[in-house]
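The values are calculated or read from the model by the stated rules, or taken from the named source; none is laboratory data. From a predicted model like this one, the values you see are computed outputs, not experimental measurements. Don't worry about glycine lacking a Cβ; one is built from the backbone with ideal geometry, like all the others, and counts go over all protein chains shown. Accessible surface areas use protein heavy atoms only, side chains included; no ligands, DNA or RNA. Shrake-Rupley method; radii C 1.70, N 1.55, O 1.52, S 1.80 Å.
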Amino acid sequence: MLLLKNADVYAPAAKGRADILAAGGRILRIEPSIELPPAYVEQVDASGVMAVPGFIDGHVHMMGGGGEGGFATRTPELMLSDAIRGGVTTVVGCLGTDGVTRSLAGLLAKAKALDEEGLSTFIYTGHYGVPVQTLTGSIERDLLLIDKIIGVGEVALSDHRSNQPTFEEFARLSAEARRGGILSGKAGVVNVHMGDGRRGLAMLRRLIEETEIPATQFLPTHIGRNPSLFEEGLAYAKAGGLVDFTTSTVPAFLDEGEVKCSAGLRRMLDAGVDAANITFTSDGQGSLPDFDAHGRLRRLEIGRVTSLFAEVRDAVRVEGVPLATALQVITSNPARILKLRGKGALEAGADADIVLLDAASLEIDGVIAKGRWLMKARTPLVRGNFE
Ligand code: ZN
């Protein structure tokens, strides 16, 4: 049993000072004062720190991605310590551009490995292409038969690397995701990679308009990648759509007009977008290819899971977004949208996934996942098997 005393609790809503008791991987009680005999419980003084839900990173190329500059540019796998340092206790893995040398079987194995190492993991079926390749023969079967599969993605639209699916093809894919989600009690969300193309969100808007599939079935990502997609995304989110910002970036992208996540969050909130419609993900381990005007690859960087909370911290410290609101985009919002039960909240019955933040600097001080310390006093306590 673990008892955190005197933490400033953000659930993510601000709850004030409280004690948190966890056992068996779950939070048992959060109350103003919990007293237990020291012999039975590890008691930790948490005064001076904020206790917040473990972060959910809903779009990570956990088994590596890339290869867009040839084989030597394939990116490496996610290491456990990358997630720990970023306070990420729940990771949703996906394939990306490459659905040939990266397979769903491999992605599932990587998710299971990270699970064994202490995280909570899920995956999307499919990759950029349409029709999507699946593990068991169809999206619906994958959702129904494979516990870790919670949706489809990342399927690419408005991008030169997309399969350029027709409206009918994309509608069918989305319908299958929805039915599979309903039957399996999962989200069945379609995670859509948005490219730089001028068609923008047109396909999604048309689907919502012309079919019975609701906007909540789609989570378009990279929404801040250029000013016009951002503006379109703002209007889309204001009308009830969900939008996801990618926190990994490089200075060159920002110079070329990418909207920095922290600033994008502020602008959307100021424009009247419901905070519940916005999420952040890191695109961790994904390649960040920089193509020139002729579509030629200039250079390649790699996405980092640690960028996820860094952008939330900037939203609070630079943009003045209230902490409880900023935390939502990496805790309660993805938990609700992706139907991750027990995740994204500090409350009795939830999984004991807790991040401790230094109250003054908002630096990550401690990480607890499924009730186990992964980082304490800013020092990671565990490593992956081959780190
Ligand atoms: Zn993408």
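If you bin all the Cα-Cα distances of segment 274-345 at 10 Å, starting from zero, the percentages per bin are 19, 37, 27, 15, 2. Atom-type composition of the exposed protein surface of segment 214-363 places 50 percent of the accessible area on carbon and sulfur (1.4 angstrom probe). Taken along the Cα-to-beta-carbon direction at a fixed 7 Å, the label points for ARG296 and GLU231 span 3.1 nm. In this rough spin-label picture, where each label sits 7 Å from Cα along the Cβ direction, the GLU210-SER138 distance is 2.3 nm. Any chance you could list P(r) for the chain, counting all Cα-Cα pairs in 20 angstrom bins from zero, rounded to whole %? Answer for the chain: a P(r) of 30, 59, 11, 0 percent.
Applying 1/(1 + (r/R0)^6) with R0 = 30 Å to the Cβ-Cβ distance of ARG199 and GLU363 gives a FRET efficiency near 0.15. The alpha carbon gyration tensor of segment 130-252 gives principal lengths a ≥ b ≥ c with a/c of 1.5 or higher and a/b greater than b/c, which makes the shape prolate. When you filter the trypsin sites (Lys or Arg not before Pro) in segment 194-293 for DSSP loop state and at most 13 other Cβ atoms inside 10 Å of their Cβ, you are left with ARG198, ARG199. Model label points for SER47 and VAL100, set 7 angstrom from Cα along the Cα-to-Cβ axis, are 6.3 nm apart.
Would you mind checking the tilt of helix 307-317 against the longest principal axis of the Cα atoms of the chain, expressed as 0 to 90 degrees and rounded to 10? Tilt of helix 307-317: around 70 degrees. With the contact rule set at Cα under 8 Å and sequence spacing of 6 or more, what percent relative contact order holds for segment 54-337? Relative contact order, segment 54-337: 19 percent.
Here the gap between THR166 and GLU31, fully extended at 0.36 nm per residue and compared with their Cα-Cα distance, gives a gain of 43.2 nm.
Amide H contacts of ASP365 (H built 1.01 Å from N, in plane; Pro and chain starts excluded): LEU356, LEU357, ASP358 sit under 5 Å, all sequence-distant by 5 or more or on other chains.
Over segment 54-337, accessible surface divided per residue gives 36 Å², non-protein components excluded, 1.4 Å probe.
With θ taken as phi - 60° and the Karplus curve 6.51 cos²θ - 1.76 cosθ + 1.60 applied, the whole-hertz 3J(HN,Hα) list for segment 290-305 is 10, 8, 7, 4, 9, x, 8, 6, 8, 7, 9, 10, 10, x, 10, 4 Hz, x standing for glycine and proline. For the chain, take the longest principal axis of its alpha carbons; what is the angle in degrees between that and the long axis of helix 167-184, to the nearest 10 within 0 to 90? Value to nearest ten degrees: 30.
In the chain, helices alone account for a calculated mean residue ellipticity at 222 nm of -7500 deg cm²/dmol, with every DSSP H run of four or more residues adding -39,500 (n - 2.57).
In plain terms, the chain from VAL382 to VAL250 could stretch by 44.6 nm, reckoned as 0.36 nm per residue minus the Cα-Cα distance. Pairs exceeding 22 Å between alpha-carbon atoms, taken from LYS186/LYS238; LYS112/LYS186; LYS238/LYS343: LYS186/LYS238; LYS238/LYS343. Computed over segment 40-126, relative contact order equals 30 percent, with contacts defined as Cα pairs under 8 Å that lie 6+ residues apart.
All Cα-Cα distances of segment 100-161, cut into 10 Å bins from zero to the largest, leave 23, 50, 24, 3 percent in each bin in turn.
Of ALA72, ALA14, ALA263, the residue with the greatest mean-square motion in the GNM of the chain, using alpha carbon springs below 10 Å, is ALA72. Computed over the chain with a Gaussian network model linking Cα atoms closer than 10 Å, the most mobile of THR73, THR97, THR221 is THR73.
Rounded to the nearest whole Hz, the Karplus-based 3J(HN,Hα) values (6.51 cos²θ - 1.76 cosθ + 1.60, θ = phi - 60°) of segment 122-137 follow the sequence 9, 9, 9, 8, x, 8, 4, x, 9, x, 6, 7, 10, 8, 10, x, with x at glycine and proline. Between 0 and 90 degrees, the angle of helix 261-270 with respect to the longest Cα principal axis of the chain falls at about 90 degrees. Using 0.36 nm per residue and subtracting the Cα-Cα separation, the extra length available between ARG267 and ARG74 on full extension is 66.0 nm.
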